[in-house]
Amino acid sequence: MDSYRGVRTALIVGAGVAGLTAATALARAGWRVEIVEVSPSRATHGWGLCLTGPSLRALAELGVAEACLAEGHGMSVITHVDVHGEPADQVQLPRLIGARRPAMVGIARPVLHRILHTEAERCGVVVHHGLTVAAVDQEAELVRVRLPDGTERQAGLVVGADGIRSSARGLLGLRASLDYHGQMVWRALVRRPSWGTGIHHFAGKVNTAGLVPLSDSRAYVFLTENGVERDVLPDAELAPRLRKLLEPFPGRVAELAPLVSVSESVIRRPVRTHFLQGGWNRGSGVVIGDAAHAPAPQMASGTALAIEDGLVLAQELGRHESIGAGLKAFVSRRAQRCRTLVETSVAIAGLERARRHDEAYPLVDACHRLMAEPA
């Protein structure tokens, strides 16, 4: 990975959404890029996610939005349902890639990963699985990276894109405090009911639940469990416990409970957030995506921030002669937008815990419109 003949080189830690997006954007700008990914294989797991308008706008610049539209499920409305099972509010999402295109796409996480991975490799990015970074040393204009097997790499730029529990963040000397918000979020991959053509969000007397379509045949059910301590349940208990938590909801949620019982994938995770204070870069190293800013899932926009990060990072590095100046400009351009999203998601989580759903709906609408502004 040594720089040579003026070619800029980058080593990215993490082959998730942020890492693959950044790798593709940098490679398209003429960088030589390698990714180290701790997972031993290319396959990824997970239920699904939402590609909001900002996500699609950035993916369109990378040339992969059409593939996501083709393999996901397009939608443009979030329907909020009150505790009595009656429609309470609709959020009309901004259409950012054309009036005839959907505003948002629900997509299975493995499908998105395959699309991004394929495009990165097409652009010349080399992905090494089963590897991570053990040490990072700044040396003048290069960064020396040591791998766990004792081998070393040199690169002009190191990007930590390895998620909320980022190890690269610590190796760069950056520290983050993760906040837990008294919520455990559940996800279950299910067969999509015929009425599930857009996002539905159901307010409950204690918890909230919903449905996100992922394709013509698949969707995921989500439930946010309020006022609970962080703990881990045995896998065998997940589906029965989720079905029981769904039982108090009226209306269409009753149709989701049987689907959860036969789901092949149910998970439960704590709602944690953070925003990295005091800058995201040290020398020629930087962190992006959830390693720098992790919102609560209530705004369904963490993926959008990660994708935007990768694209904007390449743009700012291309506008500046030195990597240091480019990284400074990148953080300056991204910090307020990402902070606003994180803080808004935390506020919505708080309103959910307080059962003040009517106050959360306009906040969701306003934040989506703010995110529609240029990145």
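Just so it is clear, none of the values below were taken in a lab; they were calculated from the coordinates. The model shown is predicted, which means the values in this text are computed figures rather than measured ones. Positions of Cβ are backbone-derived with ideal geometry, glycine not excepted, and every protein chain shown enters the neighbour counts.
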Longest segment of the chain with no GluC sites (Glu not before Pro) in a DSSP loop having at most 11 other Cβ atoms within 10 Å?
1-228
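Would you calculate a helix-derived [θ] at 222 nm for the chain, using -39,500 (n - 2.57) for each DSSP H run of n ≥ 4 and dividing by the full residue count, to the nearest 500?
-11500 deg cm²/dmol
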Taking Cα atoms, how many degrees apart are the long axis of helix 302-319 and the longest axis of the chain, rounded to 10 and kept between 0 and 90?
20 degrees
If you bin every alpha carbon distance in the chain into 20 Å steps from zero, what whole percent lands in each bin?
30, 57, 13, 0
Roughly how far apart, in whole Å, are the Cα centres of the stretch 337-375 and the stretch 194-243?
20 Å
Where Lys and Arg each count +1 and Asp and Glu each count -1, what net charge lies around Pro193 among other residues with Cβ under 9 Å from its Cβ?
+2
